[in-house]
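Chemist: Before we start, here is the structure in question, set down as structure tokens.
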Amino acid sequence: MKRKNGINIMLFVFIINLILILSCTKINKKDTSGILLTTDREFSAMSVKSGMHKAFLSFIADSGVMLRNNSYPLRGRQSLGQLFEKSSDTAFVLEWEPVFEKLSESGDLGYTYGIFKRTLRETGNISKGTYVTIWKKQKDGTWKFVLDTGTQGLPDTK
């Protein structure tokens, strides 16, 4: 009889532990739902309000990478800042709308993708394209991009 009680107690402890582990995982996922879409929209809003350069320098991780057409990968905030010093971002407005996010099971890495629009201030001409941004949660709880790239060529709908 003692052996049967021991098995029942072990089974009970196992089930309780399993419930605790599963319930913690679900709460964690629920808390982060939509966080990357929100972060990406804030990133775009800063680009519209304060310029592309400021936005990208604010949202890139220290070792983040940016892939651009006809260019080698730009690694890190410092490299991006040096590139931006050579040009102005006042002739255009860059904005985008994320349409999808996916988070890793651990909740510290994820990606967004969507449609971007670049509008020339002087003429109003619009060019559109698609983009993907890979995000990493920082030690302070904020999200910064570790990789960003886009491709132009969507039809102009002015």
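Chemist: In square nanometres, what is one fourth of the surface area of the convex hull spanned by the alpha carbons of the stretch 35-108?
Modeler: If I average the Cα hull's projected area over directions, I get 5.8 nm².
Chemist: Need one number: nm distance between label points at I35 and D108, each 7 Å from Cα along Cα→Cβ, rounded to one decimal.
Modeler: Simple spin-label model gives 1.2 nm for this pair.
Chemist: Within a Cβ distance under 14 Å of S71, other residues only, what is the Lys/Arg minus Asp/Glu net charge?
Modeler: Surrounding charge for S71 is +2.
Chemist: Considering only protein heavy atoms, what per residue accessible area in square angstrom results for the stretch 42-87 with a 1.4 angstrom probe?
Modeler: On a per-residue basis, the stretch 42-87 sits at 62 Å².
Chemist: Using a simple spin-label model with points 7 Å from Cα along the Cα→Cβ vector, what separation in nm is obtained for K128 and V48?
Modeler: Reported label-point gap for K128 and V48 is 1.5 nm.
The values are calculated or read from the model by the stated rules, or taken from the named source; none is laboratory data. All values derive from a computational prediction rather than experimental measurement. Positions of Cβ are backbone-derived with ideal geometry, glycine not excepted, and every protein chain shown enters the neighbour counts. Quick note on the areas: whole protein, heavy atoms, side chains included, nothing else; ligands and nucleic acids left out. Shrake-Rupley method; radii C 1.70, N 1.55, O 1.52, S 1.80 Å.
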